Amino acid sequence: MAIFSSSTRQVPEAVAVPCHVAVIMDGNGRWAKKRLLPRVAGHVKGVELVREMVRTCLERGIGFLTLFAFSSENWRRPQEEVTLLMQLFVKALEQEVEKLGRNGVRLRVVGDLPRFGPQLQELIHRAEEKTAGNSRLTLTIAANYGGRWDIMQAANRLAQATPERLGAWTEADLEPFLSMHFAPEPDLFIRTGGEERISNFLLWQLAYTELYFTPTLWPDFTTAEFDKAIASFQKRERRFGRTSEQLTEPPNA
Ligand code: IPE
Ligand code: IPE
Ligand code: MG
């Protein structure tokens, strides 16, 4: 299983199927609005599509799936929606962990978790522990996550760990402190819902990720839609700074 790899320090291996897919699951609210339903109905439907995507990743041999569930800026939403999203998160953790565990899925949650309070943190901790022995698919939920927060917390911890090296720190020094230190950088980023922006998701890790934007709303993002994203990925030429010609030359030519 691939461990952390850096696209700026070495050229990653070409892969036919992405090893790591990162997703901004956007458009739940608009999906509900189109049906004259409350926004929460879109979030409920969205959880079903998460189940489907996990199944597809297992079938396709994708080793890492990272889902943006709640951003550090989503606290700005109406209190009622925030509360409902938290309740859905708790419910999903309580109901899905056994099945994930049986299917070889390791669950991880990244983000600024203390803001969630001790009960939810404990639930997260137990879910992570229960599935810690699995390695077929690592499902990472980014909750109260922000890319800038991630880089800052890593920088602060690095500074505490090796204050004597101030001014000499490298990318390689920082990377073990980043939230996603256990995963290779994403090969494919998907954002549903039509917006073409990163919204403070994995800022460091997306440096060389292939970006895929689709107007399809998250509750409509079925396996067939996911396969379109994978097919688009497979057509891309990933140069990592090199020329096209270099890609066909034998190594060290
Ligand atoms: C994404 O859907 C889910 C979360 C941010 C939790 P939205 O709720 O942002 O849906 P739209 O963008 O309003 O349609
Ligand atoms: C991004 O979606 C965050 C998640 C999907 C969790 P938003 O709907 O919050 O993003 P913006 O506000 O449109 O950029
Ligand atoms: Mg949105």
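Do you know which residues across the stretch 210-253 are aliphatic (A, V, I, L, M) and in contact with a strand residue (DSSP E or B) (Cβ under 8 Å, 6 or more places away or on another chain)? Break it down stepwise before answering.
To start, the set of residues in the stretch 210-253 that are aliphatic (A, V, I, L, M) comprises 211, 217, 224, 229-231, 247, 253.
211, 229, 230, listed by residue number.
With closer than 21 Å to residue 59 by Cα, surrounded by 14 or more Cβ atoms within 10 Å (Cβ to Cβ) and within 16 Å of ligand 3 (Cβ to nearest atom) as the only criterion, which of 190, 230 stands out?
Answer to the check: 190.
Being touching a residue at least 60 places away in the same chain (Cβ under 8 Å), of a type in the set (Phe, Trp, Tyr), assigned to a helix (DSSP H, G or I) and in contact with a Ser or Thr (Cβ under 8 Å, 6 or more places away or on another chain), is that true of even one residue in the stretch 175-186?
Within the stretch 175-186, none of the residues are touching a residue at least 60 places away in the same chain (Cβ under 8 Å), of a type in the set (Phe, Trp, Tyr), assigned to a helix (DSSP H, G or I) and in contact with a Ser or Thr (Cβ under 8 Å, 6 or more places away or on another chain).
Search the stretch 194-205 for residues that are under 19 Å from residue 219 (Cβ atoms) and pair each with any residue that is more than 12 Å from ligand 3 (Cβ to nearest atom) when their beta-carbon atoms are under 7 Å apart and the residues are at least 6 apart or on different chains.
Here the result reads 194/215, each pair linking the stretch 194-205 to a residue that is more than 12 Å from ligand 3 (Cβ to nearest atom).
Search the stretch 11-48 for residues being within 14 Å of ligand 1 (Cβ to nearest atom) and acidic (Asp, Glu), and hand back the single one that is farthest from residue 213 (Cα to Cα).
48
Within the stretch 29-52, how many residues are of a type in the set (A, V, I, L, M, F, W, C) and either touching a His at 6+ places or on another chain (Cβ under 9 Å) or surrounded by fewer than 15 Cβ atoms within 10 Å (Cβ to Cβ) (or both)?
Pass one, the stretch 29-52, residues of a type in the set (A, V, I, L, M, F, W, C): 31-32, 36-37, 40-41, 44, 47, 49-50.
If we keep only those that are either touching a His at 6+ places or on another chain (Cβ under 9 Å) or surrounded by fewer than 15 Cβ atoms within 10 Å (Cβ to Cβ) (or both) as well, we get 32, 36-37.
Total satisfying the criteria: 3.
We did not get these values from a lab; they are worked out from the coordinates using the rules stated. Given the structure is predicted, the values throughout are model-derived calculations rather than measurements. A quick note on method: Cβ atoms are made from the backbone with ideal geometry, for glycine too, and the neighbour counts reach across all protein chains shown.
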